[in-house]
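Derivation of every value follows stated rules applied to the coordinates shown; laboratory data play no part. Here the structure is a predicted model, which means the values were calculated and not measured. Methodologically, a virtual Cβ is constructed for each residue, glycine included, from the backbone with ideal geometry; neighbour enumeration extends over all protein chains shown.
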Amino acid sequence: MITLSDILDAQARLRGVTVRTGLIQASLAEDGAQPGDRKLYLKPENLQPIGAFKLRGAYNKIASLSPEERSRGVITYSSGNHGQGVAYAARALGAKAVIVMPSNAPAIKREASASLGAEIVLVGPGSLERQIRAEELSAQYGYVIVPPFNDEKIVAGQGTMGLEILEDLPEVETVLVPVGGGGMLSGVATAIKLSKPSVKVIGVEPELAADAQASLRAGKIVQSTAEQASQTMADGLRTQSIGTINFEHIRLYVDDILTVSESEIREAMLWLATNPKTVAEPSGAVAVAGFLFHEDQLPKTTMNVAIISGGNVDPSVLHQMRQV
């Protein structure tokens, strides 16, 4: 289990590397949203150098390696944003990076990782398939594995978002966090609960890839198949199960996990796209979708924050959504 000290150490490593994304208050009076007493603040991780929060964990992990380990190169398995984070961090720290990606990863993410100097290896759509391939290449060439979520340094890096939320909005009552493998949710929840236990932390995931909710309900990790997970448009959340390290933190610190439909994700994306600073990819919009469409499942709180985890969406995709 990570401690608050681990997250503070990560915050020090990330200073000057990641963007300290400030909160943006959303206007809830438009598009049929009900203002009432609810306020929503957005944490725009889409404004990070790689367009997503993943740089936090990736840099913290690689910066924590010894010079000998970095000299061997690093490898990861990713559907896109974590791969970009590893590629960016490895280049900044002088290490070779290899990214194992699914063949159905969005081209914008695959090309971005390659443009940062990473070697790309393509495999099938399953998250376990790319993990196995990365482990094989690590054993063959000596690369150090930088997991996308199931790692304490990754969790601590993602947890720095929780510290920033508390600094920027001390009166926050509920924080909504996207969940795929659980790295961000476990890190943010740990940072918040160890700093201000009264704040509610809610995970949000696609209903077509609801293994995290099922795991929390069952009290044990529940896996989905690659076919099930690949159904959602939220490509960054197509993991087949949450990590064991992540699950330990989620069970201890997360209040609940709710799910959102594909149409709700689409509507949240279009709503966010009205502001250039909050453009979100499908995965990045799930927490906002949870706030907009599932008020009955959320704590009755006034001061709420939703994390926009990433904005790496092809403009043509947004254009197509607007035509529907």
Response to the item:
The local net charge around GLY182, scoring Lys/Arg +1 and Asp/Glu -1 for residues other than GLY182 whose Cβ lies under 12 Å from its Cβ, equals -3
Discussion item. Between the stretch 177-201 and the stretch 120-176, what is the separation of their alpha carbon centroids in Å?
Written reply: 14
Worksheet item: For the stretch 55-145, what ratio Rg/Rh do Cα atoms give with a Kirkwood hydrodynamic radius?
Response: 0.94
Worksheet item: Can you give the alpha-carbon Rg of the chain over 2.2 N^0.38 Å, where N counts its residues?
Response: 0.91
Practice prompt. Report, to the nearest 10°, how far helix 127-141 tilts away from the longest principal axis of the Cα atoms in the chain, using its own Cα long axis and a range of 0 to 90°.
Written response: 30
Worksheet entry | DSSP loop GluC sites (Glu not before Pro) with at most 16 other Cβ within 10 Å excluded, longest remaining stretch of the chain | 172-324
Item to complete: For the stretch 238-324, state which trypsin sites (Lys or Arg not before Pro) are in a DSSP loop and have at most 14 other beta carbons lying within 10 Å of their beta carbon.
Response: LYS300
Worksheet item: With +1 on each Lys and Arg Cβ and -1 on each Asp and Glu Cβ, how big is the dipole of the chain about its Cα centre, in debye rounded to the nearest 20?
Response: 740
Response to the item:
Env charge @ ALA12, Cβ radius under 15 Å, K,R +1 / D,E -1, value +2
Fill in: the chain: calculated mean residue ellipticity at 222 nm from DSSP helix runs of at least 4, using -39500 (n - 2.57)
-13500 deg cm²/dmol
Worksheet item: Between ALA107 and MET1, what FRET efficiency comes out of the Förster formula 1/(1 + (r/R0)^6) with R0 = 41 Å and r the beta carbon distance, rounded to 0.05?
Response: 0.60
